[in-house]
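First the structure, in the form of structure tokens, and then the observations on it.
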Amino acid sequence: MKPVLITTLIGVASIIILLPVANALTPRSDFSDNVSTYRLFDSTKVCGDHLCKPGEWNKWINNLFSSQIKKFSDLIGMKSPSSNSVKNTSYDTKNTIHTSSGDISRINTFGIDDGRFTSIISVTNKGPFDVNHIVISQATPDVKILKAWITPQWDSSIDLYQTSFDTSKTSLTQGQTLNIIIVTDGKPAFSLETLASN
């Protein structure tokens with residue numbers, strides 16, 4: 001039985017290796033290690049099947065990300081947070097030039113191994129100023145923030161119960177929603193403390 005199985009596996013592997021690969025993609029002309037579908041400093045972005053119009057890419061990415069979260073939440077039976085977990089914010093701080101108003105429009109929290117939780121927090125800028133400074137606090141006692149990030153354009157600074165995000169490369173414009181990922185060592189409760197322009 002084993003010789004027949006080995007012979008069959010070798011035959012199948014040979015066929016897979018020798019068959020030509022079907023490929024409808026454009027042949028590669030750049031053989032450096034800098035291959036990506038997104039260029040950080042290039043203004044040309046692709047929205048589905050066409051080049052994006054100004055401002056369209058951020059909306060397209062947020063819609064895509066939100067639909068994936070919704071499908072995943074429905075799949076595992078999670079519900080959206082109740083309205084009392086959404087907090088409006090408009091705070092003055094000494095280190096900022098302009099403060100903006102906004103809120104947490106959605107929080108999805110998933111339990112992972114070792115008692116840790118990953119939260120996807122959607123923050124919406126409802127104010128007139130472009131935002132490049134965001135502060136989020138975690139209010140559950142004895143639950144600490146372990147990691148936090150948005151995108152490579154945003155730098156994060158983590159305190160035990162608070163994280164702040166700053167950027168000079170992009171901004172959260174009026175009406176735009178940004179998704180933030182925060183990992184904690186217990187089940188968290190988040191509030192938006194600051195949306196500001198430095």
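No lab work stands behind these numbers, since they all come straight from the coordinates. If you're wondering where the values come from, they're calculated on a predicted model, not measured in any experiment. Cβ: placed from backbone, ideal geometry, glycine included. Neighbour counts: every protein chain shown.
Of note:
- Principal axis dimensions, largest first and in whole angstrom, of the stretch 114-198 by Cα: 39, 22, 18
- At full extension, Lys144 and Trp60 could sit 27.0 nm farther apart than now, given 0.36 nm per residue minus the alpha carbon distance.
- Theoretical gain in end-to-end length, Leu5 to Lys53 [0.36 nm per residue, Cα-Cα removed]: 11.7 nm
- The trypsin sites (Lys or Arg not before Pro) of the stretch 106-173 that meet both conditions, a loop assignment by DSSP and at most 13 other Cβ atoms within 10 Å of the site Cβ, are Lys169.
- Net length available on complete extension from Asp166 to Ile17 is 48.7 nm, with 0.36 nm assigned per residue and the Cα-Cα distance removed.
- Spin-label pair Gln174/Ser197, simplified geometry with 7 Å Cα→Cβ offset, distance in nm: 1.0 nm
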